[in-house]
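S.K.: This is the structure I have questions about; it appears just below.
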Amino acid sequence: MRKIAIRIDDVTPEMDWVKFHRFEKMLDKYQVCPLIGVVPENGDPTLAGQEKNPAFAEQQGYTDWLLKKKSAGWSIALHGCFHVYQTKQGGLFPLNHFSEFAGQPYREQLRLLRHGRERLKALGVESDIFMAPGHSFDQNTLAALKENGFRYVTDGYGSRPYLREGLVFLPISFLRSRERKKKDGYTTYVVHTWDMSEGEFRWYEDLFRTERERIIDYRELLQLTPQKRGAAGNLKEYLMAGGKRLAAKL
């Protein structure tokens, strides 16, 4: 039976907390612990959907919330640095042709990751999981991640975690409907709560209610022994990502 983990992107103090809390209550109801991607210093106006949550008027309130979720079993990833796209590159996983990292010089990527990690630490959180804005990263990103002490990347395609360039990749879903029918392996469903429709909320409610045995806490993925994967697997993944981008565009 294909096991499914949940990741939530784009967590900032100014995001749409009404929708986030609605999904959060659903996760709590079915006792699901996701991965959340925290933007440490948001510069993307599309992620600032409202006034800062009143509970986070002071940074300590936001820090306390993050630590509370972590102690409850939620996992936390560094979701870029500013979440501002600087290039029109898709990199090694071209789901999109824009990036905060891919196409940037190594030293600049190293600086961004170092700054982002320091800002996350200032919020009281340390993480060795990286979540690339726009899913886009390149060879320089992977080298800079290792230099900064990261171990995991939440991206890629596959049926279980795999090794690439000394990092453990934790695959995301290619097509949710197809993944839901799979009988073995692991995957991650990517959620952007700020963009969820009523239909999306109903879809996840149905998934959690009817197939709870499939849903795992994200931290369980981190305990799996990753597979080795060669150039053929990387090429297949690249073509799948590019094909999905083209299909979405058409």
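S.K.: Applying the selection to the stretch 97-119, what residues are crowded, with 19+ Cβ neighbours inside 10 Å and basic (K, R)?
M.R.: R117
S.K.: Restricting to the stretch 1-34, give me the number of residues that are open to solvent by 10 Å² or more (accessible area, probe 1.4 Å), of a type in the set (A, V, I, L, M) and touching a helix residue (DSSP H, G or I) at 6+ places or on another chain (Cβ under 7 Å).
M.R.: 2
S.K.: Hey, among R180, R176, R151, R114, which residue is within 18 Å of I6 (Cα to Cα), of a type outside the set (V, I, T) and without any contact (Cβ under 8 Å) to a residue 40 or more places away in the chain?
M.R.: Criteria check complete, one pass: R176.
S.K.: Can you pull out the residues in the stretch 195-234 that are part of a helix (DSSP H, G or I) and without any contact (Cβ under 8 Å) to a residue 12 or more places away in the chain?
M.R.: D195, E198, G199, E200, R202, W203, D206, T210, A231, A232
S.K.: Hey, another quick one. Identify all residues within the stretch 122-146 that are at pLDDT 95 or above and assigned to a helix (DSSP H, G or I); write none if there are none.
M.R.: Within the stretch 122-146, P133, G134, H135, Q139, N140, T141, L142, A143, A144, L145, K146 meet the criteria.
S.K.: Identify all residues within the stretch 35-79 that are more than 12 Å from S127 (Cα to Cα) and of a type in the set (S, T, N, Q); write none if there are none.
M.R.: Answer for the stretch 35-79, where residues must be more than 12 Å from S127 (Cα to Cα) and of a type in the set (S, T, N, Q): N42, T46, Q50, N53, Q59, Q60, T63, S71.
S.K.: Check F23, F82 and return the single one that is touching a residue at least 40 places away in the same chain (Cβ under 8 Å), in contact with a strand residue (DSSP E or B) (Cβ under 9 Å, 6 or more places away or on another chain) and either closer than 29 Å to P161 by Cβ or part of a helix (DSSP H, G or I) (or both).
M.R.: F23
S.K.: Please count how many residues of the stretch 201-230 are among the basic types (K, R) and under 20 Å from the mean Cα position of the chain (by Cα).
M.R.: The total comes to 2.
S.K.: Can I ask one more? Being open to solvent by less than 60 Å² (accessible area, probe 1.4 Å), assigned to a loop (DSSP other than H, G, I, E, B) and over 13 Å from T12 (Cβ atoms) is the filter here; which residues of the stretch 46-71 pass it?
M.R.: none
The values are calculated or read from the model by the stated rules, or taken from the named source; none is laboratory data. The model shown is predicted, which means the values in this text are computed figures rather than measured ones. Every residue, glycine among them, receives a Cβ derived from its backbone with ideal geometry; neighbour counts consider all protein chains shown. Just so you know, the surface numbers come from the protein's heavy atoms only, side chains and all, with ligands and any DNA or RNA stripped out. Shrake-Rupley method; radii C 1.70, N 1.55, O 1.52, S 1.80 Å.
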